[in-house]
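Here is the structure we will look at, set down as structure tokens.
The values are calculated or read from the model by the stated rules, or taken from the named source; none is laboratory data. The model shown is predicted, which means the values in this text are computed figures rather than measured ones. Heads up, the Cβs are rebuilt from the backbone with ideal geometry, glycines too, and the neighbour counts pull from every protein chain shown. For the accessible areas, the whole protein counts, side chains as well, though only heavy atoms, and no ligand, DNA or RNA atoms are used. Shrake-Rupley method; radii C 1.70, N 1.55, O 1.52, S 1.80 Å.
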Amino acid sequence: METIDWSNLSFGYMPTDYNVRCTYKNGAWGELEVCTSDSINLHMAATCLHYGQEGFEGLKAFRGRDGRIRIFRLEENAARLQSTSRGILMAELPTEKFREAILTVVKKNERFVPPYESGASLYIRPLLIGTSAQVGVKPAAEYLFVVFVTPVGPYFKEGFKPTPMCILRQYDRAAPLGTGIYKVGGNYAASLVAGEKAHEMGYSAVLYLDAKEKKYIDECGPANFFGIRDNCYITPQSTSILPSITNKSLMEIARSMGMTVEQRRIPEEELATFEEAGACGTAAVISPIERIDDLDENRTYIFSKDGRPGAVCERLYNKLRAIQYGDEPDPFGWVTVVE
Ligand SMILES: *Cc1c(COP(=O)(O)O)cnc(C)c1O
């Protein structure tokens, strides 16, 4: 068996031993199958290829100091995949089936769950696609649900460090009443050009404004946005952002630490009043924002002058990671221990 250099993993794809699959046919979900092939045999007229009937999820499993494996908030991911399915008319996978799939794929690939000390984790990627052939625009009659896993390194290789982001008004990620609230690949395709442009200019991500008025903060490409001011956690309310489970968790942690939480529209100018700002999502938990450059209006909002994250970001980050790795108790009931 090959040995894995746990401390040098990237956020890429490393093959593992097994994936699990489940198909929907004749109006019902079948039995879960454990599979060793990493290919899918797909009809060339499948709706996922032509009409974007595709939704996915992302969650992680962590090995604790006690050697046990913990999966973070998997029921929330099941519910969000169901919401995505309703949003683009795909068959809904029951929570129990989702849970069984996740636990099976993690147990089967236990040797790929990185050791506690590495700071790495096992990324879990559920995928749901329309598979039956269709040339007219309508939903598929058949679906495939697949879950694969791959070990991923600690997001911050050089430590928890703020990065710059930019506002680019020429691009929208999602329409105000479109699919931004669903986790679908199409939103990512729509964000690739702006994302590449931002990377070329040295930014880690684009901070999108609302597509209609270009006045309010939406989200940061693949992560939600939050700001901190006067012991308050402030995050956008919008009809075009993906409800991040990390953001939802940080809001609960902030409340439990005695902070107030506001979820509302955030006008761009309010950025100037935030003491700290961050992007949040499963990959990084929190990615602190150093500054935001509004490239169209020639304005800059600075959140970190010394290249270090703010104290509140750091406290929230440490608390969430401690719950995920089992270093601290889980008062919210977020963790599923793999038995
Ligand atoms: C997945 C995703 C997030 C982060 O959600 P988490 O549940 O916290 O991982 C944020 N924005 C977009 C667009 C996403 O697809």
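Normalised by the number of residues in segment 184-339, the mean separation of alpha-carbon contacts (under 8 Å, six or more apart) gives a relative contact order of 17 percent. Dividing the alpha-carbon radius of gyration of segment 102-165 by the rule-of-thumb value 2.2 N^0.38 Å gives 1.69. With viscosity 1.567 mPa s and temperature 4 °C, the Kirkwood radius over alpha carbon pairs of segment 85-136 converts through Stokes-Einstein to a diffusion coefficient of 94 µm²/s. Of the trypsin sites (Lys or Arg not before Pro) found in segment 217-316, those in coil by DSSP whose Cβ has at most 15 other Cβ atoms within 10 Å are R265, K305. A compact globular protein would have a Cα radius of gyration near 2.2 N^0.38 Å; the ratio found for segment 1-44 is 1.66. Note on exposure: K107, K214 ranked by accessible area (1.4 Å probe, complete protein assembly) read K107, K214, with the most exposed listed first. The relative contact order of the chain comes to 19 percent, based on Cα pairs under 8 Å that sit 6 or more residues apart. Apply the a/c threshold of 1.5 to the C-alpha gyration tensor of segment 64-209 and tell me whether it is rounded, prolate or oblate. Oblate, because a/c is 1.5 or more while a/b does not exceed b/c. Farthest towards the positive end of the charge dipole of segment 31-107, among the residues T104, M90, I40, is the Cα of T104, using unit charges on the Cβ of Lys, Arg, Asp and Glu. Each distinct pair of alpha carbons in segment 223-331 adds a 1/r term; the inverse of their mean, the Kirkwood radius, is 14.4 Å. Once every Cα of the chain carries one equal point scatterer and solvent is ignored, give the base-10 log of I(q)/I(0) from the Debye formula at q = 0.08, 0.14 Å⁻¹, two decimals. Log10 I(q)/I(0), no solvent term: -0.39, -1.21. The translational diffusion coefficient of segment 1-126, from Stokes-Einstein at 10 °C and 1.306 mPa s with a Kirkwood hydrodynamic radius over alpha carbon pairs, comes to 98 µm²/s.
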